[in-house]
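Read the structure below first, then the notes.
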Amino acid sequence: MKILIVNAGSSSLKYQLMDMTDESIICKGLCERIGGGGRIVHDPINGEKLKMEIELKDHTQAFHEVVRLLTSGDTKVIEDMQEIDAVGHRIVQGGAIFKKSELVTEQVMADIESLIPLAPLHNHAHMQGIRACREVLGTEIPEVVVFDTSFHSTMPPEAYLFGIPYKYYEKYAIRRYGFHGSSHRYISAKVAEEMGRPIEELKIVTCHIGNGSSLAAVKYGKVIDTTMGLTPLDGFIMGTRSGAVDPSAICYLGEKENMTWSQMAEMLNKESGMLGISELSSDSRDLNDAADAGNERAALTLKMQRYQILKFIGAFVAAMDGVDAIVFTGGIGENSDPLRTVVCGGLKYLGVSINEEVNKIYRKGKGGEISTPESKVKIYVLPTDEEVVIARDTKAIVEGLKK
Ligand code: ADP
């Protein structure tokens, strides 16, 4: 079975073709600057990577180009699109409607659209991706939607409600949803597998730390709390996102600086976090280098990030009344051994100890256990794979249709 995974952003379309007989990647690629120029990177695993500038006026045109690259010329990896058994779309916001992945139907599309107010940029873009796919491929090839929020749908109300009047939850569904669900799901299952124990008996803190970052408390296989909220802005500082801020600071700042709500959202999402504090870079590699060279603000930024992560780990251990394993993933979680050293160094009260030699070698897709045999909590570094989660759900739903 071959599955095409699509992740449509407002001006981008990421794709990956997988052969599900062995979950291998046949080809991946990215269309960028859709609607304002255009550029495609197409990367067949057994062929040559192609980069081209090409006018892409909308997602439909980008999808046409993807089909052309997959099926013709030097870049061809399949004879025609009939070889593709299904398409799996990544959707950021599933709200309270979607608790699991679903086959795309008219009703499902209407429901995703109804959630646009809760994730304006993301869900609108995903709908453009689904529409483009249907326009180009028709409706014969089954499509599945996999939500970033659905793994978090097991959170109890005491974790997902905000302390504002309940009527706003009832009226507008304002609550914590949580994101990066496919990643938290993948790494929590993977860590249980690595430990050789059923996930149903484990308490795990999953730390997805990248440009966007979130932690989840996964108790006995179910999320009971997570750091991201109504949108992926809540939690701890990220590349350019603020994480949690006292709401009064927002009101005060809005008045002082005469900012509109959309300017405020822009500032909190794009100009804050590690970029905002360091006034240097959102990229943790730059900040590590600058801090090593004596830049105090870069050092403070990294200190803040590590402190906030440590604080949430403590909160989630308390929420689960214990912890068996803590796992790091995401661009920073997988690659930054100094971050893991500092965070794990702050967990000595839990009996955590890590092997520094092993900690240093795990990066760039390599991972495993970094805790010592004496450590009371297992610590892992595991590369995440959100695409394989989308592909597996898509496969399961499509196989179910044939029965
Ligand atoms: P996204 O959330 O966009 O998927 P990633 O998970 O790819 O982001 O993470 C990107 C982050 O990973 C960047 O801040 C980058 O600096 C960081 N990163 C990548 N390699 C390293 C490394 N060797 N050391 C520290 N940070 C790294």
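Annotations for the structure displayed:
- In the context of the full set of protein chains, residues of the chain present 47 Å² of accessible surface per residue (probe radius 1.4 Å, heavy atoms only).
- In the assembled protein chains, C251 presents an accessible area of approximately 80 Å² (probe radius 1.4 Å).
- Rounded percent of accessible protein surface that carbon and sulfur make up, the chain, 1.4 Å probe: 51
- Rg/Rg_ref, the stretch 156-282, where Rg_ref = 2.2 N^0.38 Å and atoms are Cα: 1.22
- Computed packing ranks the peptides 142-154, 1-13 as 142-154, 1-13, most packed first, by mean other Cβ atoms within 10 Å.
- Over the stretch 292-372: Rg over Rh, Cα atoms, Kirkwood Rh: 0.97
- Its residue count N sets the reference 2.2 N^0.38 Å, and the alpha-carbon radius of gyration of the chain equals 1.00 times that reference.
- The stretch 312-403: GluC sites (Glu not before Pro) in DSSP coil with no more than 11 other Cβ atoms inside 10 Å: E374
- Largest-first principal axis extents, alpha carbons of the stretch 36-81, Å: 31, 20, 14
- Prolate/oblate/rounded call for the stretch 1-110, Cα gyration tensor, a/c under 1.5 rounded: oblate
- Helices meeting the span-like rule in the chain (full DSSP H runs, Cα extent of at least 27 Å along the helix axis, mean Kyte-Doolittle score of 0.5 or higher): 296-320.
The values are calculated or read from the model by the stated rules, or taken from the named source; none is laboratory data. Values in this document were obtained by computation on a predicted structure and should not be read as measured data. Quick reminder, even Gly has a Cβ in these numbers, built from the backbone with ideal geometry, and neighbours come from all protein chains shown. Side chains included, ligands, DNA and RNA excluded: accessible areas come from the protein's heavy atoms. Shrake-Rupley method; radii C 1.70, N 1.55, O 1.52, S 1.80 Å.
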